[in-house]
Every structure is written in C-alpha cells, then in structure tokens.
Amino acid sequence: MKRQLASSLAVAFSTLAVWSCNQSDPAPKGDYVSGVFVMNEGNFSQNNGAISYFARENNTATADIFAVANGTALKGGVQDYTASEEQGIILVDNMSAGQDKVQFVQRYTFKDEGTIGAPDIENPREVVIAGRKAYVSCWGTDVSKYSTGYIAVIDLTTKKVTKKINIADGPENLAYASGKLYIGTTQWAAGNKLAIINTNTDEASSPIATSGAANPVGVDANGKLWVNAGNKMLRINTETNATEATLTIATDGTKTPGNFTFSNDLKSIFFVLSWYDSAGKQQGGTYKFSITDTQIAMVTPLIPRPFYGLAVDPSQGLLYAGVSPSYTQAGYAVRYRADGSLVDSVKVGIAPAGFFFQ
C-alpha cells in the first residue's frame, strides 16, 4: 500500500509539474507600465522633439522612448501626450507644412500604431480623451491670424477624424468636465472667450466672454472649472457656466502668468509668473494659492525661479518642473515637494514642457 501511495503521489507530482510548465506567467505589458513621461518640445527648426521616460524611483531617464521602440524618431516637436486604455496619443508639430500628425502608440510598449496627418491635423496643440473619442485643438493652416482653427474629433476605435469643429482665434488648452469640452485661445489671438463643445453632440455652444485670452486649467475638488484670463483667475460653475469668483494676479503689467497646474488633491493651484530682463533672460518665480482663497498672495514665491513646464504627480503629490537651458541642449525634470523643497532632478530631452503620469 505504501508503494501504491508513493506511486500515486509520484504521478500526482508529475502531473502538477507538467501543468505548471504549461501555464506560463502573464506576459509583461511592456517597458512603460508605470512611471513619468516627459514631453520635450525640442528645437522647432530641427524637428527633434521626443518623449522621455523614467520610473518614479529612478533619477535617470530614457531620452527618446519612441525611437527606442520603433527605430525612428517622431520627426517633429512634441506638443502633447496622453493615454487611455491601451492607446497612447502623441501630437507632433513639424515645421514643414503638411507634416504635422497625431501619432498613435501602444500605451505600454510605445510601438507605432498608426498616424493621422494633414489635412485632418494641422498645427496640433493639445489633446483630451473623453470616452472613445479624442479631441485635438488645432491652429489650422493660418498661424498668423489664427483664423482657421478647429477641434478635430477622433474616433479612437477607427483612428479617424469624424468631425472638425470650427474654433477661431487659435484653439489651445483644453479641459473636460461633465460632458463639456472647454477650449481656450492663444494669447496672441484677438478672441477673449472660452469656447464650449457638447461632447455628446459634438456641437459648439455659446462661449463665455473673458477679460483676456482664456486658458482653462481644469476642474477642482468641488467640481468648479478654473480659467486663467490675462491677469485674472476665474472660478466657473460648470452647470451654469457662470463666473462665481475672480482673483487677480499682480503682474505689474510686465509679467506673464502661465503653466497652471492643480495639486494632487485638486485644492491648490501652482503657476509661474515670469518676465524677461534686458539681457533676454527669463526671470520670475513659481507661486501657489488655494481654491478657497479670496486673493492670490504674491509677496513670496513658493519657488524663486520660473519653469518651462509644470505638473503635479497625482499619485505622489510631487511637483515636476521643466527646466530648459536652451533649445540646443537637454533639459531637466526637477522634482519638488508641495512645500517647495527640492527633491532631485532628472536629465531629459530638449525643452521639457509637459508631463504625463502613469
């Protein structure tokens, strides 16, 4: 009986071993599952923009992950990057007319999954995903008067532009909230208004007049939309589109606010206030205010320097700042705690202007 038991156990273990060998572990999704993606604009005249990547626990980055994955560069400046489900979307702006594109990649491997080019995509600026649709703000072909701007609506299943919604005055930054897409305009255009698109019908509705070029920042912890307009910060009710509060940024008429971004709890807003001195060097600082403040304190900056790009990691709360020494050399992603204390810096690509956290 012992021999029978031993034989039975031997067969059982043998069967288990064979079963184990036949059950392979799930294949890893790719090299870019969790980490920080840096959008490097590059030098516009050289079309050398790239997306850098590094894990949060590291302080070294892979400079151009698209080139690593595909053996070729993006061939243009990188304007924006976002991802949803298995898809990544890169906006590539080439200095040559007709060469701009939306580049699709597999989100975790960055393998090329096709493109959309001209005439559907001309001078792309920013992308937002809502469900299975992507909305891309485009300046169009006229970048001198910004008269041909539009929002390209992309079906992410077919990877085709299904509609182009006319938005003049250089459609720029985008914010999505409760079935509405809010569109800002470039500060160099004439239109001081916040355009609105119903994403259920993809039709434009009445815009919100603003005191300066509108720049939607995003939606706060209370569901309110914040918009920068000149030296004003507007808090807007997304249900009624009414402006509930207006805060002034002290600019002295010579300084420009920009690079607005929310804290990870959506209760504070960081921004850069900058100007150029007589030698052409950028000066300024980085500030922070609460969504409950009645005025923006400008006496002491959180960080006494300006940055090329600014974003907050929603998982860790660290502030990521892009430093661009010039348009001919690599820049840096500098990490700060919410109190403004320095953590470290990571060397990335040329002109780091934006960040995506995964």
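The values are calculated or read from the model by the stated rules, or taken from the named source; none is laboratory data. Just so it is clear, the structure is predicted and the values come from calculations on it, not from any experiment. Virtual Cβ from ideal backbone geometry, glycine too; neighbours counted across all protein chains shown. In case anyone asks, the SASA skips ligands and DNA or RNA and just uses the protein heavy atoms, side chains included. Shrake-Rupley method; radii C 1.70, N 1.55, O 1.52, S 1.80 Å.
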Query raised in the report: Where residues in segment 337-356 are touching a strand residue (DSSP E or B) at 6+ places or on another chain (Cβ under 8 Å), within 18 Å of residue 56 (Cα to Cα) and outside any strand (DSSP E or B), which of them is most open to solvent (accessible area, probe 1.4 Å)?
Result: 337
Query raised in the report: Can you tell me which residue in segment 267-305 is nearest to the chain's Cα centre (by Cα), limited to those that are under 22 Å from residue 224 (Cβ atoms) and among the hydroxyl-bearing types (Ser, Thr, Tyr)?
Result: 268
Query raised in the report: For segment 122-197, which strands (runs of 3 or more DSSP E) that fit wholly inside it have 2 or more residues that are touching a Cys at 6+ places or on another chain (Cβ under 9 Å) and either hydrophobic (A, V, I, L, M, F, W, C) or farther than 25 Å from residue 235 by Cβ (or both)?
Result: 150-155
Report summary line: Here the residues within segment 124-142 that are free of Cβ contacts under 8 Å to residues at least 24 places away in the same chain and either surrounded by 18 or more Cβ atoms within 10 Å (Cβ to Cβ) or of a type in the set (A, V, I, L, M, F, W, C) (or both) are 140
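Conditions tested, residue by residue: (1) touching a residue at least 24 places away in the same chain (Cβ under 8 Å); (2) more than 30 Å from residue 337 (Cα to Cα); (3) surrounded by fewer than 17 Cβ atoms within 10 Å (Cβ to Cβ); (4) aromatic (Phe, Trp, Tyr).
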| position | (1), (2), (3), (4) |
| --- | --- |
| 181 | yes, yes, no, no |
| 200 | no, yes, yes, no |
| 203 | yes, yes, yes, no |
| 212 | yes, yes, yes, no |
| 219 | yes, no, no, no |
| 229 | yes, no, no, no |
| 246 | no, no, yes, no |
| 265 | yes, no, yes, no |
**Report entry** Which numbered condition residue 109 misses (of (1) open to solvent by less than 50 Å² (accessible area, probe 1.4 Å); (2) over 28 Å from residue 33 (Cβ atoms))
**Finding:** (2)
Requested in this report: For residue 334, state whether it is open to solvent by 20 Å² or more (accessible area, probe 1.4 Å), among the aliphatic types (A, V, I, L, M) and within 26 Å of residue 50 (Cβ to Cβ).
Outcome: no
Query raised in the report: Is one or more of the residues making up segment 282-301 closer than 24 Å to residue 34 by Cβ and either part of a loop (DSSP other than H, G, I, E, B) or open to solvent by 10 Å² or more (accessible area, probe 1.4 Å) (or both)?
Result: no
Requested in this report: Kindly indicate the residue of segment 86-95 that is free of Cβ contacts under 8 Å to residues at least 40 places away in the same chain and either in contact with a helix residue (DSSP H, G or I) (Cβ under 7 Å, 6 or more places away or on another chain) or of a type outside the set (Val, Ile, Thr) (or both) and also least open to solvent (accessible area, probe 1.4 Å) among those meeting that condition.
Outcome: 88
Report task. Can you work out which of the residues in segment 57-85 that are of a type in the set (Gly, Ala, Ser) and either open to solvent by 20 Å² or more (accessible area, probe 1.4 Å) or under 24 Å from residue 29 (Cβ atoms) (or both) is nearest to the chain's Cα centre (by Cα)? Result -> 83
Query raised in the report: Which residue, of 54, 44, 104, 37, is under 27 Å from residue 139 (Cβ atoms), open to solvent by less than 50 Å² (accessible area, probe 1.4 Å) and touching a Gly at 6+ places or on another chain (Cβ under 7 Å)?
Result: 104
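Rundown of residues vs (1) closer than 23 Å to residue 345 by Cα; (2) out of contact with any strand residue (DSSP E or B) (no Cβ under 9 Å at 6 or more places or on another chain); (3) at pLDDT below 95, yes/no style:
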{"site": "22", "(1), (2), (3)": "no, yes, yes"}
{"site": "26", "(1), (2), (3)": "no, yes, yes"}
{"site": "37", "(1), (2), (3)": "yes, no, no"}
{"site": "44", "(1), (2), (3)": "no, no, yes"}
{"site": "48", "(1), (2), (3)": "yes, no, no"}
{"site": "69", "(1), (2), (3)": "no, no, no"}
Query raised in the report: Quick one: residue 320 ticks every box in (1) closer than 18 Å to residue 259 by Cβ; (2) open to solvent by 40 Å² or more (accessible area, probe 1.4 Å) bar one, so which box is it?
Result: (2)
